[in-house]
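Remarks on the structure that follows.
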Amino acid sequence: MLIDSRLRSVHAPGGTDPDPEQRQLVQQLITSQGPEGVEDVLDGACTLIFLYMKWLREAHEAHDKDVVEYVVPSLVTTLRRMTLSIPPETIPTMTGMVIAAAIGLSPTLWRRQYGDWKRTELTPLEATAFLLADHINRMTDDPNFATRMITEALTQLEATDEQDA
């Protein structure tokens, strides 16, 4: 929902940043979750990145193209341009995580080998998920495609869980 909200605010007429009140509410929500809740949010962002890269990989392979070649350079270029929000030292981590997802590895498990998340990596992680969702939306010429894709995946997961119960 956070990524969808960001996409809507960026693409709204005259909008670029979420209003400070929305940002504060998100921060309060995450803080109220405690350490386990924060880990869940981080795992959720990594899952989004994994699902987005899976979709992008399949879409590119359908046209005999390499997702790493076509997606990663533009992602890195965009992250490098976001000088106020993205510390340059976090870009290799985001790039490695996206490449791991592109080859089918869990970004969460890939990241764990480097220790705990650093506070300076949280905004770049959010930006990475956002940029991948935006890339998918632009590819499909549908401003809601990435959100709908995740919603459908969650619906299928819930249906499977109900059948197993």
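The values are calculated or read from the model by the stated rules, or taken from the named source; none is laboratory data. Note that the structure is predicted; figures quoted are calculated from it, not measured. Note: ideal-geometry Cβ built from the backbone for every residue, glycine included; neighbour counts use all protein chains shown. Each accessible area value is taken on the protein alone, full model and side chains, heavy atoms only, with ligands, DNA and RNA left out. Shrake-Rupley method; radii C 1.70, N 1.55, O 1.52, S 1.80 Å.
Assorted remarks:
- Test: residue in region 77-90 that is within 16 Å of the chain's Cα centre (by Cα) and more than 15 Å from GLU126 (Cα to Cα): no
- Residue within region 100-118 that is in contact with a Pro (Cβ under 9 Å, 6 or more places away or on another chain) and outside any loop (DSSP other than H, G, I, E, B) present: yes
- Scanning region 91-121 for residues that are touching a Leu at 6+ places or on another chain (Cβ under 8 Å) and either hydroxyl-bearing (Ser, Thr, Tyr) or open to solvent by 30 Å² or more (accessible area, probe 1.4 Å) (or both) yields a total of 3.
- Checking ARG23 against (1) surrounded by fewer than 14 Cβ atoms within 10 Å (Cβ to Cβ); (2) at pLDDT 95 or above; (3) not hydroxyl-bearing (Ser, Thr, Tyr), the condition it does not meet: (2)
- Of all the criteria given as (1) touching a residue at least 12 places away in the same chain (Cβ under 8 Å); (2) open to solvent by less than 10 Å² (accessible area, probe 1.4 Å), the one not satisfied by ASP134 is (2).
- With respect to being open to solvent by 40 Å² or more (accessible area, probe 1.4 Å), part of a helix (DSSP H, G or I) and not aliphatic (A, V, I, L, M), THR83 falls outside the description.
- Some residue of region 141-162 being open to solvent by 90 Å² or more (accessible area, probe 1.4 Å) and at pLDDT 95 or above: yes
- Residue tally, condition farther than 18 Å from GLY104 by Cα and part of a helix (DSSP H, G or I), over region 49-74: 2
- When residues in region 121-150 are screened for being within 18 Å of MET97 (Cα to Cα), over 9 Å from the mean Cα position of the chain (by Cα) and among the hydrophobic types (A, V, I, L, M, F, W, C), 2 of them pass.
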